[in-house]
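The values are calculated or read from the model by the stated rules, or taken from the named source; none is laboratory data. Please read all numbers here as calculations on a predicted model, not as lab measurements. Reconstructed Cβ throughout: ideal geometry from the backbone, glycine too, with neighbour counts over all protein chains shown. Please note that ligands, DNA and RNA were not included when accessible areas were found on the heavy atoms of the full protein model with its side chains. Shrake-Rupley method; radii C 1.70, N 1.55, O 1.52, S 1.80 Å.
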Amino acid sequence: MSESEHRMIEILRILSVQDKPTGSKFIADELKNKGFNLGERAVRYHMQILDEKGYTERMGYSGRQITDLGREKLENDIFN
């Protein structure tokens, strides 16, 4: 798994435990706590890719949330 894919999986993990749409600042802070050095702009870039793949969806200005497809991807990557 590439570093970029690993970052996106971590973003999906963070979103999977949130019960509301989550913004890039919160995600960047959580990633920093996990040892990733990723700023808000880089998080937004990765989340845009996740949106395009259908793993997340943008909820207006509130942030993003994980989709059912994103949960499947997360589950498959954890067990593979």
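For this structure, a couple of remarks:
- Matching residues in segment 61-73 - criterion: being in contact (Cβ under 8 Å) with a residue 24 or more places away in the chain and out of contact with any Phe, Trp or Tyr (no Cβ under 8 Å at 6 or more places or on another chain): S62, R64, Q65, R71
- Residues in segment 20-45 that are closer than 16 Å to Y61 by Cα and of a type outside the set (S, T, Y): K20, P21, G23, K25, F26, I27, E40, R41, V43, R44.
- Wholly enclosed helices (runs of 4 or more DSSP H) of the chain bearing at least 3 residues open to solvent by less than 20 Å² (accessible area, probe 1.4 Å) and modelled with pLDDT of 95 or more: 3-16, 24-33, 40-53
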